[in-house]
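Worksheet for the structure shown next.
The values are calculated or read from the model by the stated rules, or taken from the named source; none is laboratory data. Note that the structure is a prediction, hence the values are computed from the model and not measured. Because the Cβ atoms are built from the backbone with ideal geometry, glycine has one as well, and the counts that use them run over all protein chains shown. Remember, those area values only see protein heavy atoms, side chains included, never the ligands or the DNA or RNA. Shrake-Rupley method; radii C 1.70, N 1.55, O 1.52, S 1.80 Å.
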Amino acid sequence: MSEDTAADGDAATSEKLVELAKRRGYFFQSSGAYGGVGGFYTFGPQGASLKGNLEDAWRDRFAVAEGNMEIDAPTIMHEPVFEASGHLDGFDDMLIECPECGTSSRADHLVEDNTEYEDAESLPIPEVEEVIAEYELSCPECGAGLAGVAVEDFNLMFATNIGPGDAQPGYLRPETAQGIFVEFPRLKEYARNQLPFGVTQIGRAYRNEISPRRSIIRTREFTQAELEYFIDPETDDPDLESVADVEVSLYPASEQNAADGDEIETTIGDAVEEGIISSPWVAYFLGVAKPWYEAVGVDMDRFRFRQHLSGERAHYASDCWDAESEIDGNWIEMAGFAYRGDYDLSKHEEYSDDRFTIFKQYDEPKTVERATVDPDMSYLGPEFGGDAQAVVSELEDLAARDRSAFEGDSVEIDLEGETHEIPVEKTGFAVEEQTEAGEHITPHVVEPSFGVDRLVYTVLHHAYREDEVDGEERTYLDLEPEVAPTFVGVFPLQSDDELEAQANDIVADLRAEGLSVTYDDSGNIGRRYRRQDEVGTPFCVTVDYETIEEREAQRASDSASGDEPRADETTVTVRERDTTNQKRLPVDDLAETLAAIREGDLEFESL
RNA sequence: GCGCGGAUGGUCUAGUGGUAGGACCUGAGCCUUCCAAGCUCAUGGCCCGGGUUCAAAUCCCGGUCCGCGCACCA
């Protein structure tokens, strides 16, 4: 057995991996029969299983173990949701294409760079076109004039129509998060109106990328696993102690900006203490994520947390860290941990008719003096007609804002630019003592957001191994048993009815135990081992003639003694993928033993 | 969206203006008492659409897709 050579960091690993993925059924481009379409991939039998296992592992850790609830929202939502979330306006770019050299530029950037306009992105397109013509702006590449060239809006959301016609536009969600935020008013009920609570969702999201790249790393349809954790920013603290000792490799903004900056090896506890990670909540989830990534098979020597630079942070995030893995010398983003504040809930509160707050009861009710109005509608109605209700609103606002306005005989209010005088006696103005049991607060959101496809890719890439067995080259995937698509292969040593029958019995036993099993009787035994190595199956069971002989001896002795049949003591060989070591194990409790190994309760070496 | 380079069985690839070979894989059989062995047989292919030509997988144009660079990544 030669030593493993971890696949080195050149592009060749990715090339070999993509080829293996296609050939063995991990993933491949969709709709190949029709020429394919960019940015869409199908997970094959192995890939779908691996992806599902990773999602299960995520669910176990981030939903079940944390006591959070999982939902499953639609992938299409109608326009108002994205008006509120900011995706409709903020998720598009103005592109202008040079007629001479073909270079596409951001029209808003051109305007900002060459005129005194500052927020060109907020200008309507015709106006941007006018500005470009007026200032005779030119192509930054070749200098050709751009006056009169059309500016195009490119929104990264996929648009569709809900129902017939185009009366109700809808969009495929660009992130799963909005599906959680819009349901907050109901979800908070399920949490019995108590903070903190978390809601998870695993599902597809869609972005009409200009240029999908690097196989499943950047696609137009992808799977996210997101947790939105709602907290009271004043009183809720994470259980930092439970992750304080987790060792992490951090790449903070300060190091990225420094000429000789480097990753910092530290612990979550120290990083918080030293202020490297400013949000304890973000720190907590980094501390949860790191051991989880390690458990599903990400190489910790090729893993780090990188802080977003101030310029790359989304508008809603006060601090953001990415989990990154190294692939062929490049760091790719696998997850983002953002402190989103109250941005999303406030926006939906503003745009919708519902309440995106939590009522927080005081320890002791508070008594406050409050100025109120109780207008005399029999006066306001005839006086103001249809505007009466607006007058009431004005009075209410005014009372809350400036009670001294009600000190005279009459009070002045503005209504659509006109000033009206209203006798104070008709307003029902009063200063009352009121008892308040609590207040409505808008929770803050901490968002760990995982890209499942990129995790699948990373796990495969980091598991890719080439070594030599008995002078023969071998390729195998060193996948964790918990996530491997197939857990065990079962083979008859060679073509033989008896061996095959026994092997089939074992397959049935193992499947009954809930293990993912494959049966293979084609080709010599070595070939079959290599097939399973290449898809990352951790164990193989082989039935040989010893198995049959032991079984026959067993039967003979049982019938000779006249006793009840004893436990079957026949054995089979079990081979481990990484070492190719073999052990003979009893058939009788094979299912139990393998299941224990899969659960991590047993080690193959200790058998 | 632009530029450069690609596209031949499931995979990897050779190839020429006269419609294609190889290797691996896969399947059947033989052999075989544990690591891609050997033998026989079999399945399966020139990305799509135009053009030039007697004839195009090959040359030209357009498209699609892939890789890389630019741009983009709320």
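Tabulated values for the structure
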| read-out | value |
| --- | --- |
| 5 angstrom amide H check on residue A:429, placed H, neighbours 5+ away | A:374 |
| Spherically averaged projected area of the stretch A:358-440 from its Cα convex hull (nm²) | 6.6 |
| Alpha-carbon centroids, the stretch A:17-55 and the stretch A:345-397: separation in whole Å | 56 |
| Vicinal HN-Hα couplings computed from phi for the stretch A:269-285 (Karplus, 6.51 cos²θ - 1.76 cosθ + 1.60; Hz; Gly/Pro x) | x, 5, 4, 6, 4, 7, x, 5, 9, 7, 8, x, 5, 4, 4, 4, 6 |
| Label-point separation in nm, residue A:437 to residue A:232, each point 7 Å along Cα→Cβ | 1.5 |
| At 0.692 mPa s and 37 °C, Stokes D of the stretch A:486-606 from Kirkwood alpha-carbon radius, µm² per second | 222 |
| Structure-based [θ]222 nm, chain A - -39500 (n - 2.57) summed over DSSP H runs of at least 4, per residue, nearest 500 | -9500 deg cm²/dmol |
| Residue among A:179, A:541, A:501 farthest towards the positive dipole end of chain A, charges placed on Cβ | A:501 |
| Spread of Cα-to-Cα distances over 20 Å intervals beginning at zero, given as percent, for chain A | 15, 37, 30, 13, 4, 1 |
| Whole-Hz couplings from phi, Karplus 6.51/-1.76/1.60, listed for the stretch A:347-352; x for Gly and Pro | 4, 5, 4, 5, 8, 9 |
| Whole-number percent relative contact order across chain A, with pairs defined as alpha carbons under 8 Å at least 6 apart | 13 |
| Inter-site label distance for residue A:239 and residue A:254 at 7 Å from Cα along Cβ, in nm | 3.1 |
| Chain A - accessible surface per residue (Å², probe 1.4 Å) | 49 |
| Model label zone, residue A:364; criterion: amide N under 17 Å from point 7 Å along Cα-to-beta-carbon; scope the stretch A:437-461 | A:437-439 |
| Simple Cβ-charge dipole of the stretch A:46-90, Lys/Arg +1 and Asp/Glu -1, about Cα centre, in debye nearest 20 | 220 |
| Positive-end extreme of charge dipole, chain A - chosen from A:524, A:167, A:266 (charges on Cβ) | A:524 |
| Note, ³J(HN,Hα) from phi for the stretch A:180-195, Karplus 6.51, -1.76, 1.60, rounded to Hz, x at Gly and Pro | 7, 4, 5, 9, 3, x, 8, 4, 5, 5, 5, 8, 6, 6, 10, 8 |
